[in-house]
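Chemist: First the structure, which I've put down as structure tokens, then a few questions once you've had a look.
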Amino acid sequence: MCDNKILSIHSLKLKNDDDAMDDGRLVINRRFWIDKIFSQTDRALDNKFVAKGLRLYSARSVANRTRTFVAKKNKVVAPKKVVAPVTPVEKTFGKGKRVIAVKASKFAPSIPAEIRSTAAKKVQQKVALRKTITPGTVLIILAGRFAGKRVVALKQLDSGLILITGPFKVNGVPLRRIDQRYVIATSTKIDVSSVKVAATINDAYFAAEKKTTKKSEGAFFSDEKKTEKKKIADSRVADQKSVDSAILAVLKKEKFLTIYLKTKFYLKKGEFPHQLKF
């Protein structure tokens, strides 16, 4: 496939050297076709953004192209379909008879299951963590409910999110997950070598509970004005205390760190974030 295209490139020759000097458009056109041909072969799986949130190809077309690409790479051969011979149908209309031709299918041929299965399994790639974010680094939250709060980074979870804590007793931030895009890593670090995070505190630990109870119409309108506070499970409270106890022991030795974590980050008049050293 690629060799044929390379031959077609060499066939785009100029008439002679004089034409190349006189008319530069021939050279430009030749370069354009070379770039176009190689972009279609080497970058067959690229799906660039045309606009904000809008890609060049749809999800369906990218899936089809990816399946065929992976199938060719792994040399997956789908079994050929045996097409049964179609016999013409003869029907009687009144006194005469007429042969009815078989109509062609309106739909495009489907992709074989062998090719579809090659790209069906999705493997989650590990998110690379910034070098400035390490266990014990003090982070500044930029968005959300706790925007401006200074927290302590504990570890990176399997999903790529960072596990953080306030500690809760110092600034009211509980054990939470946060994306590294919404934090600023500071140069301040706390020794968290004594902190033991339980193996149960993972991504599934923070999954929202599904509500199965359904209210009747009368109960729905009667409880519309009542807002019940969400009760925190005792296991979560115990996990929070076990993690924070080791950090609080370190903070007792250095009092300025406690004040630093309590203080909320904000910009004063005339301060610019790109000029600050965190």
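The values are calculated or read from the model by the stated rules, or taken from the named source; none is laboratory data. None of these values were measured; they are calculated from a predicted model. We place every Cβ from the backbone using ideal geometry, glycine too, and count neighbours over all the protein chains shown. Ligands, DNA and RNA are stripped out before the accessible areas are found, and what is left, the full protein with its side chains, is counted by its heavy atoms. Shrake-Rupley method; radii C 1.70, N 1.55, O 1.52, S 1.80 Å.
Chemist: Can you report the number of residues in segment 171-190 which are surrounded by fewer than 10 Cβ atoms within 10 Å (Cβ to Cβ) and free of Cβ contacts under 8 Å to residues at least 40 places away in the same chain?
Modeler: Our first condition is that a residue be surrounded by fewer than 10 Cβ atoms within 10 Å (Cβ to Cβ); within segment 171-190, this holds for 181, 187.
From the residues that got through so far, the ones that are free of Cβ contacts under 8 Å to residues at least 40 places away in the same chain too are 181.
Residues meeting the conditions: 1.
Chemist: Moving to a separate point now. Just to be sure before I move on: is Ser193 assigned by TED's automatic domain parsing to the domain that holds Thr134, open to solvent by 70 Å² or more (accessible area, probe 1.4 Å) and not in a loop (DSSP other than H, G, I, E, B) in the structure I sent?
Modeler: no
Chemist: Every residue in segment 63-77 that is in a helix (DSSP H, G or I) and open to solvent by 70 Å² or more (accessible area, probe 1.4 Å), please.
Modeler: Arg65, Phe69, Lys72, Lys73
Chemist: Okay, moving on. Taking Lys80 as the residue in question, decide whether it is open to solvent by 80 Å² or more (accessible area, probe 1.4 Å) and at pLDDT below 80.
Modeler: Yes, satisfied.
Chemist: If you scan segment 90-135, which residues turn out to be open to solvent by less than 70 Å² (accessible area, probe 1.4 Å) and modelled with pLDDT of 70 or more?
Modeler: Within segment 90-135, Gly96, Ile100, Val127, Leu129, Ile133, Thr134 qualify.
Chemist: Something else about it: Is it the case, given these coordinates, that Ala78 is touching an Asp or Glu at 6+ places or on another chain (Cβ under 7 Å) and free of Cβ contacts under 8 Å to residues at least 40 places away in the same chain? Can you show your working first?
Modeler: Working: touching an Asp or Glu at 6+ places or on another chain (Cβ under 7 Å): yes; free of Cβ contacts under 8 Å to residues at least 40 places away in the same chain: yes.
Yes: the conditions hold for Ala78.
Chemist: Right, next: Quick one: which residue in Lys231, Lys264 is more than 21 Å from Arg130 (Cα to Cα), at pLDDT below 90 and not in a strand (DSSP E or B)?
Modeler: The match here is Lys231.
Chemist: Among (1) open to solvent by 100 Å² or more (accessible area, probe 1.4 Å); (2) modelled with pLDDT of 90 or more, where does Thr258 come up short?
Modeler: So Thr258 meets the others, but not (1).
Chemist: Among the residues in segment 25-46, are any in a loop (DSSP other than H, G, I, E, B), open to solvent by 60 Å² or more (accessible area, probe 1.4 Å) and at pLDDT below 75?
Modeler: Within segment 25-46 (the criterion being in a loop (DSSP other than H, G, I, E, B), open to solvent by 60 Å² or more (accessible area, probe 1.4 Å) and at pLDDT below 75), the answer is yes, since at least one residue qualifies.
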